[in-house]
1. Pop a pseudo-label 7 angstrom from the Cα along the beta-carbon direction at both residue 219 and residue 299 and give the gap in nm to one decimal.
2. Counting C-alpha atoms alone, how compact is the range 132-263: give Rg to one decimal and Dmax as a whole number, in angstrom.
3. Using alpha carbons only, how many degrees (0 to 90, rounded to 10) separate the axis of helix 274-283 from the longest principal axis of the chain?
4. With every protein chain left in place, what is the accessible area per residue of the chain in square angstrom, probe 1.4 Å?
5. Could you pull out the pairs from 67/140; 37/135; 182/223 whose alpha carbons sit more than 32 Å apart here?
6. Taking H as built 1.01 Å from N, whose amide H comes closer than 5 Å to the amide H of residue 356, not counting residues under 5 places away?
7. Under the rule of -39500 (n - 2.57) per DSSP H run of 4 or more residues, summed and divided by the residues of the chain, what mean residue ellipticity at 222 nm is obtained, to the nearest 500 deg cm²/dmol?
8. Could you tell me how many degrees, from 0 to 90 and to the nearest 10, lie between the Cα long axis of helix 2-17 and the main elongation axis, the longest principal axis, of the Cα atoms of the chain?
Amino acid sequence: GISAVLGALISITDKIVNNYGDLVIDINSGKRELNIKGGAPLLMTLAESGIFVPSACGGRGSCGACKVKVLSDIGPHLPTETPYLEKEELEQNVRLSCQIKVKENLEIEIPESLFNVKQFEGTVERIVDVTHDIKEVYVKLPESEEVNFVCGQYGQFEVPPYDKVKSATQRAYSMSSPPSDKNHLEFLIRLVPGGIVTTYVHEQLQEGQKINVIGPFGEFNVKDTGATMICVAGGSGMAPFKSIFQHMIETGEIETREIWYFFGARTKKDLFYLDWLNELDQKYEKFHFVAALSEPQPEDNWRGATGLITEVLANYFTESINRDQPLEGYLCGSPGMLDACMAVMRQFEMTEDKIYFDKFA
């Protein structure tokens with residue numbers, strides 16, 4: 001009884017103290033004006049009005065993706081923001097929208113492209129186990145809606161409340177379907193121990209279930225330069241490359257552009273889509289697929305490349321890749337893998353402005 005009374009007092013006090021009333025958010029100098037109730041984080045406040053700022057971590061403050069420029073004076077940056085902001089961003093008052101509460105009228109700036117981001121209520125049409133810890137999730141969109149995205153972009157996949165979390169929660173995953181399939185979105189979702197969204201997907205998500213997807217987001221895409229593509233992935237980092245290669249098959253670019261695709265895994269059970277990728281390697285002269293195992297097991301009978309994917313990449317730079325041609329790097333994987341691959345690419349005189357990726361937390 002005492003606990004119930006204290007809980008009620010805290011709730012009442014919070015409503016009185018933190019009642020900021022009706023407020024206005026001015027976006028991009030009057031392009032949009034939102035009339036909202038104050039008190040919630042800016043990220044969630046914008047989402048409730050249909051404007052979705054990217055957040056790879058679902059608003060936990062651990063990815064640094066939900067940046068907006070705040071023109072109003074709302075006080076100094078918080079310690080939870082500064083690790084994710086560059087010096088120039090701090091000077092321009094760029095803020096993490098998940099970390100600041102709307103307590104007064106605000107003026108903000110966001111990329112115009114975010115006005116085109118949508119929330120789709122799709123139906124899970126197919127779930128396939130592609131490895132022991134990666135599921136391919138194929139979502140059908142409503143008949144009345146189409147999605148337009150560029151290969152390499154990602155969507156925020158939302159799961160409902162369950163025993164691990166009290167509210168709907170989102171995480172970011174790259175689309176693995178081609179842009180030509182405008183009525184579906186496909187994702188490759190790897191089980192992360194303790195992960196809120198991945199645990200739900202692997203243990204509770206069912207075919208036929210309704211699910212929310214928000215997107216598209218991201219700047220990771222293939223540049224129209226004709227340069228040789230050095231692509232590196234591991235695990236569910238396969239997703240954007242599946243989308244990219246399907247699109248290049250449809251456009252015919254896979255026949256004209258040199259592509260090296262390196263995929264790293266620990267053991268053979270962590271590899272997938274091998275038949276398809278080896279078929280592309282055999283069919284298209286300019287497409288080269290290299291799978292590498294860092295810890296091959298005796299039962300794997302592995303005859304391919306072995307070692308860390310960075311070691312294999314360095315060997316191919318030395319022995320096989322024509323470095324007299326312009327090169328571009330395309331990476332998708334864990335932050336550690338991305339940093340290690342970038343170090344190898346720099347070693348072979350690739351500049352950072354020619355290396356593209358989305359680093360998810």
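The values are calculated or read from the model by the stated rules, or taken from the named source; none is laboratory data. Quantities reported herein were computed from a predicted structural model and do not represent experimental measurements. Ideal geometry is used to build each Cβ from the backbone, glycine not excepted, and the neighbour counts take in all protein chains shown. For accessibility, only protein heavy atoms count, side chains too; no ligands or nucleic acids. Shrake-Rupley method; radii C 1.70, N 1.55, O 1.52, S 1.80 Å.
1. Spacing of the two 7 Å Cα→Cβ label points: 4.6 nm.
2. 15.7, 51
3. 50
4. Result: 50 Å² per residue.
5. Numbers: 67/140 30 Å; 37/135 39 Å; 182/223 22 Å.
Correct reply: 37/135.
6. Excluding prolines and chain starts, which carry no amide H, the hits are 329, 330, 331.
7. The helix contribution divided over the chain gives -7000 deg cm²/dmol.
8. That helix lies at roughly 90 degrees to the long axis.
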